[in-house]
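Visitor: Have a look at this one before I ask anything.
The values are calculated or read from the model by the stated rules, or taken from the named source; none is laboratory data. From a predicted model like this one, the values you see are computed outputs, not experimental measurements. Virtual Cβ from ideal backbone geometry, glycine too; neighbours counted across all protein chains shown. With ligands, DNA and RNA removed, areas are computed over all heavy atoms of the protein, side chains included. Shrake-Rupley method; radii C 1.70, N 1.55, O 1.52, S 1.80 Å.
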Amino acid sequence: MSLLQVKDISHAYRSSKRLWRSGSLTAVLSKVSFAIEPGQCLGLLGTSGAGKSTLGKVILGMERPRQGRVIFQGHDLYNVDPQTARLLRRDLQVVFQDCYSSVNPRMTAEQIIAEPLDNYENLTRVDRKRRVGELLEAVGLKAADMQRYPHTFSGGQLQRINIARAIALKPKLIVLDEPVSSLDMVNQTRILTLLSELKATLGLSYLFITHDVKAAHVISDSLAVMKEGRIVELCSDKNQLAAS
Ligand code: ADP
Ligand code: ADP
C-alpha cells in the first residue's frame with residue numbers, strides 16, 4: 001500500500017477575502033494525483049506560483065482542498081475522526097524554507113525540538129533532555145547547543161534544528177518545502193546530504209518541494225513536475241527526466 005495517495009486534488013483561492021461572497025475563484029491545483037511509497041522521496045519540481053506549496057499544505061492538512069482526497073496510511077485525511085487525525089498528524093511533519101520564521105525566537109533549541117515530544121509524549125525531564133540531545137547529535141549539532149536561542153545559530157544550523165524537530169516523533173513522511181533554498185551552496189549540499197542520510201537510517205519518506213532541478217536529483221527517487229496547478233510530468237525513474 002502506498003504511504004500517501006493524492007487523488008484528483010483541485011483547489012482554488014478566493015481572489016478577495018473581504019468580498020468572499022462575490023470574489024471569483026482562482027484555480028491553483030487541477031486534478032493532481034500521485035503516490036509516495038514508504039521510504040521513497042518524491043521531488044516536486046516547478047517554477048514559482050505553480051502550486052507546489054499549496055499542494056504541500058493540502059497534504060499537511062493545513063488547507064482543505066475543494067475537491068479530491070488525500071489518503072495517508074490508508075485514511076482519508078480530510079474525513080477522519082479527530083483522534084485518528086491527531087495520530088496521522090504525528091506521522092506527518094514539515095520543514096519550511098524560512099528557517100528563522102519557522103521557530104519562535106524566544107524559545108531555546110531544546111524547547112523548539114521538544115515541542116512535538118511535549119504534544120505527544122509524556123517524558124520525564126531527564127528523558128526529554130536526553131532525547132533532545134540525541135536529536136541534536138543526529139542532525140550534526142552538539143547536545144550542549146540546546147540552551148542556545150535561534151538568533152545565535154547560522155541559517156544552516158537552524159535548518160538542522162528544524163529537521164531535528166521534524167524527526168523527533170519518528171514520522172513516516174516529511175514535507176520539505178524548499179528546505180535549502182535560502183542557504184548558501186555549501187550548506188545546501190550539507191543539508192541535502194543530512195536529509196539523504198536520515199531518510200536511509202530512519203526509513204523516512206519525503207515530498208521534496210523545490211524549484212531546483214539539481215537539488216531534486218540529489219535526494220529524490222522519483223520526480224513530478226508541476227505547471228499551473230497540474231502535474232505535467234511524472235517520472236518514477238528520475239534519470240529518465242534528466243535525459244528528457
Ligand atoms: P477561500 O475563501 O477561497 O478559501 P482563503 O480564506 O484562503 O480563500 O483566503 C484567501 C485570501 O488570502 C486571498 O484573498 C488573498 O488576498 C490572501 N492571501 C494569503 N496568502 C496569499 C498568497 N500567497 N498569495 C495571494 N493571496 C494570498
Ligand atoms: P509555489 O509553491 O509553486 O510557488 P503556491 O502554491 O505558493 O505556488 O501558489 C500558487 C498560486 O496560488 C500563486 O498564484 C499564489 O499567489 C496563490 N496563492 C497561494 N496561497 C494563497 C492564498 N492563501 N490565497 C490566495 N492565493 C494564494
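Visitor: Could you tell me which of the pairs Lys52/Lys214; Lys52/Lys142; Lys57/Lys142; Lys7/Lys214; Lys57/Lys170; Lys57/Lys172 are separated by over 25 angstrom between their Cα atoms in the structure shown?
Guide: Details: Lys52/Lys214 17 Å; Lys52/Lys142 34 Å; Lys57/Lys142 32 Å; Lys7/Lys214 27 Å; Lys57/Lys170 20 Å; Lys57/Lys172 17 Å.
Correct reply: Lys52/Lys142; Lys57/Lys142; Lys7/Lys214.
Visitor: Which semi-axes, in whole Å and largest first, does the equivalent ellipsoid of the range 165-207 have when worked out from the alpha carbon gyration tensor as the square roots of 5 times its eigenvalues? Write down the numbers at each step before the final one.
Guide: Working: eigenvalues 74, 25, 13 Å².
Semi-axes from the Cα gyration tensor: 19, 11, 8 Å.
Visitor: Then there's this: Take every DSSP beta bridge whose two residues both sit in the chain, then give the antiparallel share in percent to the nearest 5. Please list the in-between numbers first.
Guide: Values: 20 of 38 bridges.
Taking every DSSP beta bridge with both residues in the chain, the antiparallel ones total about 55 percent.
Visitor: Next question, about the same structure. Under the rule of at least 5 residues apart or a separate chain, name every residue whose amide H is placed under 5 Å from the amide H of Gly43.
Guide: Amide H neighbours of Gly43: Phe208, Asp221, Ser222, Leu223, Ala224.
Visitor: OK, next. List the residues whose amide H sits under 5 Å from the amide H of Val175, counting only those 5 or more places along or on another chain, with H placed 1.01 Å from N in the peptide plane.
Guide: Amide H neighbours of Val175: Gln93, Val94, Val95, Leu207.
Visitor: Could you estimate the translational diffusion coefficient of the range 78-196 from the Stokes-Einstein equation, with Rh from the Kirkwood formula over C-alpha pairs, at 37 °C and 0.692 mPa s, in whole µm²/s? Could you put the intermediate results ahead of the total?
Guide: On the way: Rh = 14.7 Å.
Value of D from the Cα-based Kirkwood radius: 223 µm²/s.
Visitor: What whole-number value in Å² describes the accessible area per residue of the chain for a 1.4 Å probe? Please report the intermediate quantities before stating the final value.
Guide: Values: 12460 Å² over 244 residues.
I get 51 Å² per residue for the chain.
Visitor: Expressed as a whole percentage, what fraction of the accessible surface of the chain belongs to carbon and sulfur atoms when a 1.4 Å probe is rolled over the protein heavy atoms? Provide the component values of the computation, followed by the final result.
Guide: Values: 6200 of 12460 Å².
On the chain, the fraction of accessible area on carbon and sulfur atoms equals 50 percent.
Visitor: Only Lys, Arg, Asp and Glu count, each charged at its Cβ (+1, +1, -1, -1), so figure out the dipole size of the range 107-231 about its Cα centre, rounded to 20 debye. Walk me through the numbers on the way to the answer.
Guide: Numbers: 16 positive and 15 negative charges, 39 e Å.
The calculated dipole for the range 107-231 is roughly 180 debye.
Visitor: Dividing the convex hull volume of the Cα atoms of the chain by its residue count, what figure in Å³ per residue is obtained?
Guide: Values: hull volume 33.7 nm³, N = 244.
Taking the convex hull of the Cα positions in the chain, it is 138 Å³ per residue.
Visitor: Kindly report, to the nearest 10 Å², the accessible surface of Ser154 as traced by a 1.4 Å probe over protein heavy atoms only.
Guide: It works out to around 50 Å².
Visitor: Would you please classify the overall shape of the range 27-76 from the alpha carbon gyration tensor, given that a ≥ b ≥ c denote the square roots of the eigenvalues, rounded means a/c under 1.5, and beyond that prolate means a/b larger than b/c while oblate covers the rest?
Guide: Values: a/c = 1.95, a/b = 1.18, b/c = 1.66.
Taking the square roots of the gyration eigenvalues as a ≥ b ≥ c, the range 27-76 is oblate.
Visitor: Heavy-atom accessible area of Cys99 with all protein chains present, probe 1.4 Å, nearest 10 Å²?
Guide: 10 Å²
Visitor: Does the range 1-142 come out rounded, prolate or oblate, given a ≥ b ≥ c as the square roots of the eigenvalues of its C-alpha gyration tensor, rounded meaning a/c under 1.5 and, failing that, prolate meaning a/b above b/c? Could you put the intermediate results ahead of the total?
Guide: Working: a/c = 1.98, a/b = 1.67, b/c = 1.19.
Prolate, since a/c reaches 1.5 and a/b exceeds b/c.
Visitor: Continuing with the same structure: Shape verdict for the range 137-192, please, from the Cα gyration tensor: rounded (a/c under 1.5), prolate (a/b greater than b/c) or oblate. Don't skip to the end; give the middle numbers.
Guide: Details: a/c = 1.82, a/b = 1.04, b/c = 1.74.
It is oblate, given that a/c is not under 1.5 and a/b is not larger than b/c.
Visitor: Can you give the Rg to Rh ratio for the range 76-144, taking only C-alpha atoms and Rh from Kirkwood? Don't skip to the answer; put the middle values down first.
Guide: Details: Rg = 14.3 Å, Rh = 13.9 Å.
Reported Rg/Rh (Cα atoms, Kirkwood Rh): 1.03.
Visitor: For the range 34-114, what Kirkwood radius comes out of the mean inverse Cα-Cα distance, in Å? Intermediate results must be reported in sequence, preceding the final value.
Guide: Values: mean 1/r = 0.0669 Å⁻¹.
Evaluated over the range 34-114, this radius sits at 14.9 Å.
Visitor: Tell me the volume per residue, in Å³, of the convex hull enclosing the alpha carbons of the range 131-226.
Guide: Working: hull volume 9.2 nm³, N = 96.
Cα convex hull per residue, to the nearest whole number: 96 Å³.
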